Amino acid sequence: MALLQRIRRQANRPATGELRLGIGDDCALLRLKPGEEMAVTTDLSIAGRHFHLEWHPPEAIGHRTLARGLSDIAAMGARPVAAFLSLGLPRELTVARGRSPSWADRFLAGFLALADVYQTPLAGGDLAESSLAVADIVLLGAVPQRKALLRSGAQPGDLLYVTGALGGSAAGLALLRECGAPVSRAAVHAPKADNPLAPHLWPQPRIAQGLWLRRNRALTAAIDLSDGLSTDLDHLCAESGVTAVIDAAALPLHPGATLEQALHGGEDYELLFTARPNVVLPRGIAGVAVTQIGTIARRRSGQPSVVLIDESGLRRPLLPGGWQHFF
């Protein structure tokens, strides 16, 4: 009960806009604007699988928990409306030690800091004692009817684009594994571009970029890069029934990242999208670079979903090599 009261005290905001009633009753009450549809996504984060208590600061785990859902909302061209968080935690993670806040309070601080940036109120959730730390997020977004960005619209002749840089999260994770120690407090409070751990600890969902692309009707299909470029592009191609050809030399690598990390690393939370060749896109949207990395071709029997033109100019199949949910 004490943890619930602390969450309610920190998370409660005056009811405005779509959220009519938040934490405190059996259900939250939401009301969308006329002509809008609701986008709903859920993501499960489990200690030892999606984060490590020994490596990841609790603030970063909270941030990443919400960022995962916000990235899905961005990929649909939706605006976030509300978040619901369920936590299963060992008792010791809920208890403060001396003047230091508990792990749970630090987790919530990271979660709510990102929620404030994207005006996404925490509208409810659930708590339970668990032998394993688990965080389950449900994100609700709103998008005009029949205007959501989908994975299924790519057509032969389209150009393939990505926002931002690739491989930064995988490079940061590799650095954490190499260190094998908790991240310093300085790294916790320094989500800066020159921090090599920032892309992994503090990924930034591309809400503004997704909204711009949807409002300007600039694309034919979209997906967020959570499982890795090779895997997520394979998903987009499967839904659209096409083949993608990407140029390794064109990929915007994050400083310090390798090509393999950019192709398969995952958790970059950038937007991957297609557009017709006559559409002129800016070099950047809301301060984030946009790069053409390939083209879309007709799918032919026996052909791979994704073809990579490597740095020597040779074409080879690019098989999905990113995140596997079961291993």
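Give segment 254-274 a look and list any residue that's modelled with pLDDT of 95 or more and either among the aromatic types (Phe, Trp, Tyr) or more than 18 Å from the chain's Cα centre (by Cα) (or both), or say none. Passing the criteria: Ala257, Thr258, Leu259, Glu260, Tyr269, Phe273, Thr274. Evaluation of Ala238 against the conditions (1) surrounded by fewer than 24 Cβ atoms within 10 Å (Cβ to Cβ); (2) among the small types (Gly, Ala, Ser); (3) in a strand (DSSP E or B) shows that the sole unmet condition is (3). Out of Gly62, Gly69, report the one residue that is modelled with pLDDT of 95 or more, more than 30 Å from Gln145 (Cβ to Cβ) and open to solvent by less than 10 Å² (accessible area, probe 1.4 Å). Of the residues listed, the single one that is modelled with pLDDT of 95 or more, more than 30 Å from Gln145 (Cβ to Cβ) and open to solvent by less than 10 Å² (accessible area, probe 1.4 Å) is Gly62.
Do you know which residues across segment 47-56 are open to solvent by 10 Å² or more (accessible area, probe 1.4 Å) and over 16 Å from the mean Cα position of the chain (by Cα)?
Within segment 47-56, Ala47, Gly48, Arg49, His52, Leu53, Glu54, Trp55 meet the criteria.
Only a single item in (1) within 30 Å of Ala250 (Cα to Cα); (2) among the small types (Gly, Ala, Ser); (3) open to solvent by 50 Å² or more (accessible area, probe 1.4 Å) is not met by Ala165, and it is number (3). Of all residues being over 21 Å from the mean Cα position of the chain (by Cα) and over 23 Å from Phe107 (Cα atoms) in segment 126-152, which is least open to solvent (accessible area, probe 1.4 Å)? Just the residue, please. My answer is Pro144.
Here Val95 passes the criteria (1) open to solvent by 10 Å² or more (accessible area, probe 1.4 Å); (2) within 13 Å of the chain's Cα centre (by Cα) except the one numbered (2). For residues that are in contact with a helix residue (DSSP H, G or I) (Cβ under 8 Å, 6 or more places away or on another chain), of a type in the set (Ser, Thr, Tyr) and over 25 Å from Ala165 (Cβ atoms), tally how many sit in segment 283-302. Summing the residues that are in contact with a helix residue (DSSP H, G or I) (Cβ under 8 Å, 6 or more places away or on another chain), of a type in the set (Ser, Thr, Tyr) and over 25 Å from Ala165 (Cβ atoms) in segment 283-302 gives 0.
Here's the yes/no breakdown for (1) on the phi > 0 side of the Ramachandran plot; (2) free of Cβ contacts under 8 Å to residues at least 40 places away in the same chain; (3) of a type in the set (Gly, Ala, Ser):
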position	(1), (2), (3)
Gln10	no, no, no
Gly22	no, no, yes
Leu29	no, yes, no
Leu32	no, no, no
Gly35	yes, no, yes
Met38	no, no, no
Ile46	no, no, no
Leu53	no, no, no
Ser86	no, no, yes
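Among the residues of segment 251-280, those identified as open to solvent by 30 Å² or more (accessible area, probe 1.4 Å) and among the aliphatic types (A, V, I, L, M) are Leu253, Leu259, Val279, Val280. The criterion of at least 1 residues that are of a type in the set (A, V, I, L, M) is met, among strands (runs of 3 or more DSSP E) falling completely within segment 246-327, by 271-275, 288-298, 306-309.
If you go through segment 212-227 and keep only what is at pLDDT 95 or above, open to solvent by less than 20 Å² (accessible area, probe 1.4 Å) and either farther than 30 Å from Ser301 by Cα or in a loop (DSSP other than H, G, I, E, B) (or both), you end up with Leu213, Leu225. Suppose the filter is at pLDDT below 95, assigned to a helix (DSSP H, G or I) and not hydroxyl-bearing (Ser, Thr, Tyr); does Gly124 pass it? In short, no.
Take Asp116 and decide whether it is assigned to a helix (DSSP H, G or I), open to solvent by 60 Å² or more (accessible area, probe 1.4 Å) and within 25 Å of Val40 (Cβ to Cβ).
Details: assigned to a helix (DSSP H, G or I): yes; open to solvent by 60 Å² or more (accessible area, probe 1.4 Å): yes; within 25 Å of Val40 (Cβ to Cβ): yes.
Judged against the criteria, Asp116 is a match.
The values are calculated or read from the model by the stated rules, or taken from the named source; none is laboratory data. None of these values were measured; they are calculated from a predicted model. Cβ atoms come from the backbone with ideal geometry, glycine included; neighbour counts cover every protein chain shown. Surface accessibility is based on the protein's heavy atoms, side chains included, excluding ligands, DNA and RNA. Shrake-Rupley method; radii C 1.70, N 1.55, O 1.52, S 1.80 Å.
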